[in-house]
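**Student:** Structure provided below as structure tokens; questions to follow.
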Amino acid sequence: MNNLSLYYVFNCVAETGNISQAAKLLYVSQPAVSKAISSLEESMGLTLFIRNSRGVRLTEEGQLLYQYTKEAFDILKRGEKRLTHMKELGVGHLRIGVSSTLCKYVLLPYLNRFLKAYPHIKITIESQSTIHTLKQLESNALDIGLVAKPSNQKMYEFISLYDIEDVFVATIDYLENLRLREKNKDIFSVANIMLLDEENISRMYIDEYFKENNIHPQQVLEVSSMDLLIEFAKTGIGVGCVVKEFITDELESGQLRQIPLKKPINKREIGFCYNKAAYLSDSMTKLIDFMKLST
């Protein structure tokens, strides 16, 4: 296939019917236009133009080629116009990975404000575990994720939002009944301890806390989501390990009571995370800038 620039020169000459006029439009010399046409004709083994005193006209073969070059360059022009229009409107697409808990309590309020500023950006949300989100960020299957701060800081860029604190809570009635029934025994040895399932990164964090502090819960109820943990705790089923920032209303109203620990659980950072090696689209740049200004 010939160089695209030769076809562009050919197309311009075909449209103007004049080498001199085509040279002005292309900002090149007439000899350069004539040479380009000659090179194209020579490579194809065809005569594309018939020269005369008034200019040039297409041969039958030239007319056939012009149908294709015109269509091709018209498509390119439409593509350029569409891209310009998209840029002016801020049209784009973002793929975000997030757990159901962080999606509800953290992501949706941020997205609400972001989409008011950039209403033409399409958002696709993958609701999944943090571990899965990090794997997809690594393979560039996602643009960005809302996660707890990853341990691998070499691969990911992390924009911190704020710290969260894991706490154990229960209803006053549950704790009072437990005290009457079990006297002064350690709460972790007698209570129904409600935790997220073992594949959840928050559960892994709590398991590590148990290990470091020699805590061995005797009765464990695994729950699939933070929302269910909170609801189970509110109904008096047991002691739930939840994120304190997500139950502020329940704690303030007294519906749930935080259980004091000998050693508090260290707080964790949550924020937006993306692959350092990934291409940053215009939409991604807008989101990153927005998040940095919001923190």
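What follows is calculated from the coordinates using simple rules that are stated; it is not laboratory data. For clarity, every value in this text was computed on a predicted model and none was experimentally measured. Every residue, glycine as well, gets a Cβ built from its backbone with ideal geometry; the counts of neighbours run over all protein chains shown.
**Student:** Please list the radius of gyration and Dmax for the chain, considering alpha-carbon atoms only, with Å as the unit.
**Tutor:** Cα only, the chain: 32.7, 112 Å (Rg, Dmax).
**Student:** Can you pull out the GluC sites (Glu not before Pro) in the stretch 156-241 whose DSSP state is coil and whose Cβ has at most 14 other Cβ atoms within 10 Å? Let's see the in-between values first.
**Tutor:** Values: sites: E157, E165, E176, E182, E198, E199, E208, E212, E222, E231; in loops: E165, E198, E199.
Loop-located and lightly packed - E165, E198, E199.
**Student:** About the Cα centre of the stretch 4-88, what is the dipole size in debye to 20, counting +1 per Lys and Arg Cβ and -1 per Asp and Glu Cβ, all else neutral? Can you show the working numbers first?
**Tutor:** Working: 11 positive and 9 negative charges, 69 e Å.
About 320 debye.
**Student:** Based on alpha-carbon centroids, what's the gap between the stretch 115-130 and the stretch 221-256 in Å, whole number please?
**Tutor:** Using only Cα atoms to place each centre, the spacing works out to 27 Å.
**Student:** Also, quick follow-up: Counting Lys and Arg as +1 and Asp and Glu as -1, each charge on the Cβ, what is the dipole of the chain about the Cα centre in debye, to the nearest 20?
**Tutor:** Numbers: 35 positive and 36 negative charges, 198 e Å.
Value, rounded to 20: 940 debye.
**Student:** If you average the sequence gap of Cα pairs under 8 Å that are 6 or more apart and divide by the length of the chain, what percent do you get for the contact order?
**Tutor:** 20 percent
**Student:** Follow-up. Filter the cross-link list K185/K234; K35/K77; K183/K244; K211/K263; K149/K292; K244/K267 down to pairs whose alpha-carbon distance in this structure exceeds 18 Å.
**Tutor:** Values: K185/K234 23 Å; K35/K77 26 Å; K183/K244 27 Å; K211/K263 13 Å; K149/K292 16 Å; K244/K267 10 Å.
Among K185/K234; K35/K77; K183/K244; K211/K263; K149/K292; K244/K267, the Cα-Cα distance tops 18 Å for K185/K234; K35/K77; K183/K244.
**Student:** Work out the P(r) tail for the stretch 239-295: percent of alpha carbon pairs separated by more than 13 Å, whole number. Intermediate values should be presented prior to the final figure.
**Tutor:** Numbers: 1184 of 1596 pairs.
More than 13 Å apart: 74 percent of the Cα pairs in the stretch 239-295.
**Student:** Percent of Cα-Cα pairs per 10 Å bin, from 0 to the last occupied bin, for the stretch 4-88, please list those.
**Tutor:** 17, 47, 25, 9, 1
**Student:** How big is the Rg/Rh ratio for the stretch 143-295, C-alpha atoms only, Rh by Kirkwood, two decimals?
**Tutor:** Working: Rg = 18.4 Å, Rh = 17.3 Å.
Rg/Rh for the stretch 143-295 comes to 1.06.
**Student:** How big is the Rg/Rh ratio for the stretch 173-222, C-alpha atoms only, Rh by Kirkwood, two decimals?
**Tutor:** Values: Rg = 12.2 Å, Rh = 11.8 Å.
Answer for the stretch 173-222: 1.03.
**Student:** Also: Can you pull out the trypsin sites (Lys or Arg not before Pro) in the stretch 24-122 whose DSSP state is coil and whose Cβ has at most 16 other Cβ atoms within 10 Å? Could the numbers behind the result be given before it?
**Tutor:** Numbers: sites: K24, K35, R51, R54, R57, K70, K77, R78, K81, R82, K87, R95, K104, R113, K116, K122; in loops: R54.
Those that pass, being in a loop and sparsely packed, are R54.
**Student:** Counting other Cβ atoms within 10 Å, which chymotrypsin sites (Phe, Trp or Tyr not before Pro) in the stretch 6-89 have at most 16 and lie in a DSSP loop? Mind dumping the intermediate values first?
**Tutor:** Values: sites: Y7, Y8, F10, Y27, F49, Y66, Y68, F73; in loops: Y27.
Qualifying residues, ordered by number: Y27.
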